[in-house]
Amino acid sequence: MIFYFSGTGNSAWAARQLAHLTGDEAYDITNLKELPDMENAKQIGFVFPVYAWGAPEIMADFVKKLPKTQVFTFGVCTCGGDAGLTMKQFSKHYLLSSSYSLLMPNNYIIGSDTDDEGEILQKITAAREELERMAQEIRRQERVYRVHEGALAGVKSHIANFGFNKFARSAKPFFAGDSCNGCGQCVRNCPASTISLRDGKPVWAAQCLQCLRCINGCPQLAIQYGKATARRRRYTIRAYLLQDEQI
């Protein structure tokens, strides 16, 4: 079984592709009412995005509650660049037999614009090939550590990640502009239940996960984060998938 958390779909797609390629099942941890039976699992996997060179808090909290087993385990982190020590730190919460990073299109539009169309397609095509390779290794239960940690991995995963979780997860700069029609999609899709509707417009609580599902997935392109995102493109993976890859 494969447990995943995803903001704009990169990790959901990767988890479901791996499940298909390995004959397994993928579970969105935000939709789980109770844990599936893990006793007969042939393997246990985790797929999640990298947030400031670390695992999202929601995934770290989830695995800390899981019962430990003796089966083969693996983890895949999706990222727009390097992953730092994400997987080594994650393995301290739940011991991994194999660890991978998977390069995917950038979706953190608070920090910079999205990749251009050509780069997005190139990254997804390369990711398909890498997922095939991962799946073969997972089926053989090979012990692999193929993670692009990048330079200054320790500094990024300790100091920068701490700063992100302490200071950079404010949801206060989020707002909906005049094009918002009050559809409520952002409210329904928020994994942190941070958003609510007030007078037909979304409002955010003080903090969130910074998954950016709301701003990237808004059908009206109405959501902004301060002034930084006004001229930036939006990204969700659904627009780039093949017909049999829908998530």
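Every number in this text was worked out from the coordinates using simple rules, so none of it is lab data. Keep in mind it's a predicted model, so treat the numbers as computed, not measured. Here the Cβ is made from the backbone with ideal geometry for all residues, glycine too, and neighbour counts use every protein chain on show.
A few remarks follow.
- Distance from the alpha carbon centroid of the stretch 1-55 to that of the stretch 126-203 works out to 14 angstrom.
- Table column - 3J(HN,Hα) (Hz), the stretch 190-207, Karplus curve with 6.51, -1.76, 1.60, x for Gly and Pro: 6, x, 9, 6, 8, 9, 9, 9, 9, 6, x, 10, x, 10, 10, 6, 5, 10
- Ranked Met134, Met38, criterion: other C-beta atoms within 10 Å, fewest first: Met38, Met134
- Using the average count of surrounding beta-carbon atoms within 10 Å as a protection proxy, the listed peptides 240-246, 167-173, 22-28 rank, highest first, as 22-28, 167-173, 240-246.
- Scanning residues 5 or more positions from Thr78 or on other chains, those with amide H under 5 Å from its amide H are Phe48, Val50, Leu102, with H placed 1.01 Å from N in the peptide plane.
- Size of charge dipole - the stretch 93-247 - debye, nearest 20, with Cβ of Lys, Arg +1 and Asp, Glu -1, no other charges: 620 debye
- Measuring r between the beta carbons of His148 and Lys33 and using R0 = 45 Å, the FRET efficiency lands at 0.80.
- Close amide H pairs (under 5 Å, H built 1.01 Å from N) link Tyr27 with Ile2, Phe3, Tyr4, residues at least 5 positions away or on another chain.
- Coarse-grained scattering of the stretch 1-136 at q = 0.19 Å⁻¹, given as base-10 log I(q)/I(0) from a Debye sum over alpha-carbon atoms: -1.11
- Antiparallel beta bridges, as assigned by DSSP with both residues in the chain, represent about 30 percent of the total such bridges.
- Computed from phi, the 3J(HN,Hα) profile of the stretch 20-25 under the Karplus parametrisation 6.51, -1.76, 1.60 (θ = phi - 60°) reads 5, 6, 10, x, 10, 10 Hz, with x in place of Gly and Pro.
- Going by neighbour counts of Cβ atoms within 10 Å, the residues Ile58, Ile195 line up, fewest first, as Ile58, Ile195.
- Nitroxide proxy distance, nm - points 7 Å out along Cα→Cβ at Val187 and Asn40: 4.1 nm
- Net dipole in debye of the stretch 1-99 [+1 Lys, Arg Cβ; -1 Asp, Glu Cβ; about Cα centre; nearest 20]: 220 debye
- Amide H contacts of Ala171: Gln207, Cys208, each under 5 Å away and 5 or more positions distant or on a separate chain (H built 1.01 Å from N in the peptide plane; Pro and chain starts excluded).
- Given [x] 12.2; [y] 13.3; [z] 11.5, the label whose value is mean projected area of the Cα convex hull in nm² derived from this model: [y]
- Listed residues Gly9, Gly23, Ile44: farthest to the positive end of the dipole of the stretch 1-44 (Cβ charges): Gly9
- Site pair Ser112 and Thr125 shows an inter-label distance of 2.2 nm when each label is modelled 7 Å from Cα along Cα→Cβ.
- Where labels lie 7 Å past Cα in the beta-carbon direction, separation of Val203 and Arg231 in nm: 3.2 nm
- Candidates Lys42, Lys227, Lys156, ranked by Gaussian network fluctuation over the chain, Cα under 10 Å, top entry: Lys227
- FRET efficiency for the pair Glu137 and Gln70, taken as 1/(1 + (r/R0)^6) with r the Cβ-Cβ distance and R0 = 25 Å, rounds to 0.80.
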